[in-house]
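Presented below is the structure to which this report refers.
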Amino acid sequence: MDHKTLRQLLNDVASGALAPEQALERIAPAQLALGRRLACGLHLDLDRAPRTGQSEVVFGQGKSPEQLILAVGGLIEAGQPALVTRLDSARGKYLAKHVPEGVYWPTAGLFTVGRPVDLSEPWPSAGQAMVIAAGASDLPVALEALGCAMFFGLDCGLASDVGVAGLHRLLQRGESLAKARLHIVVAGMEGALPSVVAGLYGKPVIGVPTSVGYGTGLGGIAALLSMLNACAPGIAVVNIDNGYGAAAMAAKLLG
């Protein structure tokens, strides 16, 4: 049971529209289902939403197809939405085949059930949160951030391929970036874009370094260090390629 449903139940009891016994009947099944253990080493955290404000999310990388089906099926059976991250093509297509009510988004590596997520083009160009991708090569991570933000209920837009090699492209998106309350800036190579965005628009910036780049980029470490050493104030940084982590933090800040 999520925060919204629980709050509505409490409001109904307070207003007299619902008897306490009736509310208890609705809450009890959810409590009994908490912490469901499944096969294959899985233990679903079904009370994560009321405890933290965000429901259980399945990390797809390294899990077998059987584990993925069990995890997603367990969430659906408990009446919860399902988000799976870090899915390769084979596992994503397998889930889409066996869980037809869900949608696999291959570029983002996401599978979603039960929440409105649409990563088909054209992507939304404005929102309270803006995902800004330095290059088209950063799109997989940027779309992971966008899709997860949508799953968490954020009004979110995307500005792609606006990196420091041609800053005029960023300035062309100035109106939507200025109106946003928060920026998720995704960049590989030298990772300079978060500093530029923070210096221009003054909104909170969540920097997401990506592993895109040549040899001395060290798989995203150079971009990570650049973002951590940014001189513009108001920048926080998540792990390399962690679009999900950026979206989860954005949802907590704007929720």
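The values are calculated or read from the model by the stated rules, or taken from the named source; none is laboratory data. Since we're looking at a predicted model, the values are computed, not measured. For neighbour counting, all protein chains shown are included, and Cβ atoms are generated from backbone atoms with ideal geometry for every residue, glycine included. Heavy atoms of the whole protein, side chains included, go into the accessibility calculation; ligands, DNA and RNA do not. Shrake-Rupley method; radii C 1.70, N 1.55, O 1.52, S 1.80 Å.
One residue stands out in the range 38-64 among those that are assigned to a loop (DSSP other than H, G, I, E, B) and among the hydrophobic types (A, V, I, L, M, F, W, C): the one that is modelled with the highest pLDDT, namely Val57. Out of all the residues in the range 179-194, is one or more more than 27 Å from Ser120 (Cβ to Cβ) and open to solvent by 40 Å² or more (accessible area, probe 1.4 Å)? Looking for residues that are more than 27 Å from Ser120 (Cβ to Cβ) and open to solvent by 40 Å² or more (accessible area, probe 1.4 Å), one finds at least one in the range 179-194, hence yes.
The single condition among (1) in contact with a Pro (Cβ under 9 Å, 6 or more places away or on another chain); (2) open to solvent by less than 70 Å² (accessible area, probe 1.4 Å); (3) free of Cβ contacts under 8 Å to residues at least 60 places away in the same chain that Tyr104 does not satisfy is (1). Of all residues in the range 236-247, those that are free of Cβ contacts under 8 Å to residues at least 60 places away in the same chain and within 15 Å of Val58 (Cα to Cα) have Cβ atoms under 7 Å from Cβ atoms of residues that are in a loop (DSSP other than H, G, I, E, B) and open to solvent by 50 Å² or more (accessible area, probe 1.4 Å), 6 or more apart or on another chain, in Gly245/Asn239. Only residues that are closer than 13 Å to Val113 by Cβ and surrounded by 14 or more Cβ atoms within 10 Å (Cβ to Cβ) were counted in the range 61-84, giving 15. Go through the range 223-243 and count every residue that is open to solvent by 20 Å² or more (accessible area, probe 1.4 Å) and either within 17 Å of Ile132 (Cβ to Cβ) or hydrophobic (A, V, I, L, M, F, W, C) (or both). Within the range 223-243, residues that are open to solvent by 20 Å² or more (accessible area, probe 1.4 Å) and either within 17 Å of Ile132 (Cβ to Cβ) or hydrophobic (A, V, I, L, M, F, W, C) (or both) number 14. Do we find a residue being surrounded by 17 or more Cβ atoms within 10 Å (Cβ to Cβ), within 26 Å of Lys93 (Cα to Cα) and hydroxyl-bearing (Ser, Thr, Tyr) anywhere in the range 112-120? Checked the range 112-120: at least one residue is surrounded by 17 or more Cβ atoms within 10 Å (Cβ to Cβ), within 26 Å of Lys93 (Cα to Cα) and hydroxyl-bearing (Ser, Thr, Tyr). Taking each residue of the range 215-230 that is assigned to a helix (DSSP H, G or I) and looking for partners that are of a type in the set (S, T, N, Q) with beta-carbon atoms closer than 7 Å, six or more apart or interchain, yields Gly219/Ser211; Gly220/Thr210; Gly220/Ser211; Ala222/Thr216; Ala223/Thr210. Looking across Ala133, Ala90, Ala126, one residue alone is open to solvent by 40 Å² or more (accessible area, probe 1.4 Å), of a type in the set (A, V, I, L, M) and touching a Ser or Thr at 6+ places or on another chain (Cβ under 6 Å). It is Ala126. All told, Arg51 falls short of being among the basic types (Lys, Arg), under 20 Å from Met150 (Cα atoms) and surrounded by fewer than 21 Cβ atoms within 10 Å (Cβ to Cβ). For beta carbons closer than 6 Å, sequence separation of 6+ or different chains, a first residue in the range 64-86 that is farther than 25 Å from Arg26 by Cα and a second that is among the hydroxyl-bearing types (Ser, Thr, Tyr), the qualifying pairs are Pro65/Tyr94; Thr85/Tyr244.
One line per residue, one yes/no per condition, for (1) more than 14 Å from Gly135 (Cα to Cα); (2) aliphatic (A, V, I, L, M):
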site: Gly166; (1), (2): no, no
site: Ala180; (1), (2): yes, yes
site: His183; (1), (2): yes, no
site: Gly191; (1), (2): no, no
site: Val197; (1), (2): yes, yes
site: Tyr201; (1), (2): yes, no
site: Pro204; (1), (2): yes, no
